[in-house]
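Encoded as C-alpha cells, the structure appears first; notes follow it.
The values are calculated or read from the model by the stated rules, or taken from the named source; none is laboratory data. Every value quoted in this text rests on a predicted model; they were computed, and no experiment measured them. All Cβ positions, glycine included, derive from the backbone under ideal geometry; neighbour counts span all protein chains shown.
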Amino acid sequence: KNQVEQSPQSLIILEGKNCTLQCNYTVSPFSNLRWYKQDTGRGPVSLTIMTFSENTKSNGRYTATLDADTKQSSLHITASQLSDSASYICVVSASTNSGAGSYQLTFGKGTKLSVIP
Amino acid sequence: NAGVMQNPRHLVRRRGQEARLRCSPMKGHSHVYWYRQLPEEGLKFMVYLQKENIIDESGMPKERFSAEFPKEGPSILRIQQVVRGDSAAYFCASSPPPGQARFFGSGTQLSVL
C-alpha cells in the first residue's frame with residue numbers, strides 16, 4: 001500500500017530560525033515527489049517537484065532534498081518568517097502504465113509549522 | 001491568468017439535500033482532479049476527469065457521489081442526499097498533462113447539519 005509519513009506532526013519555531021521537515025514514503029513505482037504549502041482554509045500551493053534523478057531543489061528560502069534509495073525527503077526552511085506558518089505537505093506520485101501519465105498522488109498528513117515572533 | 005476557481009467557498013446543507021461543488025480549471029488545463037480533506041488528515045483522491053471523460057473514479061463512493069467535466073463550463077462534483085459524514089473540505093486541482101505541476105483551488109468547505 002502506498003504511504004507517505006511526515007514528521008514532526010507539528011513544530012513551533014522562533015522567527016528567523018531554520019527548520020527541517022521530514023518525509024518517508026513507500027510509493028512504488030516512484031515517479032516524483034512534491035512539497036506543498038497549505039495555509040489554513042486555502043488550497044495547497046506547490047513549492048518543489050523532484051524526480052528520481054534530482055537530489056536537491058531550491059525555491060527561495062525552501063530547499064528540498066530527495067534520497068530515492070532510502071525513500072526519504074526533507075524540506076529545509078531558512079530564516080523563517082511569520083508568513084511561513086502553514087501546513088507543509090509531502091506528496092508522492094506513482095508511475096502508471098495507463099498512458100495517462102503519473103496522476104496518482106499519495107498525500108502525507110502534513111507538518112503544521114508555527115513561526116512565532 | 002486566473003488560478004483554479006472553486007465555488008462556493010462555504011456550503012451548508014441539511015441532511016438529505018443535494019450539494020453541488022463547482023471547479024473552473026486554470027486556462028489551458030484540461031485535466032481536473034477532486035480531493036476530500038478531513039481535519040488533521042491528508043487529501044484523499046476522489047476522481048480524475050478530462051474534458052467529457054471520467055478517467056478514474058476509484059476514490060469516489062459509488063453511492064450518492066458523481067462528477068462531470070462537460071465540454072463547456074466548470075467541473076461539477078455532486079453529492080446527493082448528504083449525510084453528516086460528508087462534511088469536509090473538497091479541493092479541486094487542475095494540470096496540463098498529469099505529470100506536471102498541479103494547481104489547487106481554495107476549496108469548498110461543506111457543512112452538513
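Structure summary
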quantity	calculated
Hits in the stretch B:75-105 - residues which are touching a residue at least 60 places away in the same chain (Cβ under 8 Å) and under 11 Å from the mean Cα position of the chain (by Cα)	B:78, B:79, B:90, B:91, B:92, B:93, B:94, B:104, B:105
Single residue of A:71, A:57, A:37 found to be on the phi > 0 side of the Ramachandran plot and free of Cβ contacts under 8 Å to residues at least 60 places away in the same chain	A:71
Where residue A:68 falls short, out of the listed (1) over 15 Å from the mean Cα position of the chain (by Cα); (2) more than 22 Å from residue B:104 (Cα to Cα)	(1)
Some residue of the stretch A:18-33 being surrounded by fewer than 15 Cβ atoms within 10 Å (Cβ to Cβ), within 14 Å of another protein chain (Cβ to nearest Cβ) and modelled with pLDDT under 95	yes
The one condition in (1) more than 14 Å from chain A (Cβ to nearest Cβ); (2) loosely packed, with under 13 Cβ neighbours inside 10 Å that residue B:19 fails to fulfil	(2)
Breaking point among (1) part of a loop (DSSP other than H, G, I, E, B); (2) away from chain A (no Cβ under 14 Å); (3) modelled with pLDDT of 90 or more, for residue B:1	(3)
Only one of B:112, B:82, B:12 that is touching a helix residue (DSSP H, G or I) at 6+ places or on another chain (Cβ under 6 Å) and away from chain A (no Cβ under 13 Å)	B:112
Residue match in the stretch A:76-87 (condition: without any contact (Cβ under 8 Å) to a residue 40 or more places away in the chain, farther than 19 Å from residue A:109 by Cβ and away from every other protein chain (no Cβ under 14 Å))	yes
Output for the stretch A:57-72, where each listed residue is surrounded by 17 or more Cβ atoms within 10 Å (Cβ to Cβ) and part of a loop (DSSP other than H, G, I, E, B)	A:71
Criterion violated by residue B:36 - all others in (1) closer than 28 Å to residue A:5 by Cα; (2) modelled with pLDDT under 95; (3) charged (D, E, K, R) satisfied	(2)
Residue within the stretch A:14-24 that is free of Cβ contacts under 8 Å to residues at least 40 places away in the same chain and either touching a Ser or Thr at 6+ places or on another chain (Cβ under 6 Å) or farther than 26 Å from residue B:105 by Cα (or both) present	no
Pairs with Cβ under 6 Å, 6+ apart, first in the stretch A:41-54 and within 9 Å of chain B (Cβ to nearest Cβ) and within 24 Å of residue B:34 (Cβ to Cβ), second surrounded by 15 or more Cβ atoms within 10 Å (Cβ to Cβ) and hydroxyl-bearing (Ser, Thr, Tyr)	A:42/B:106; A:43/B:106; A:44/A:36; A:46/A:36
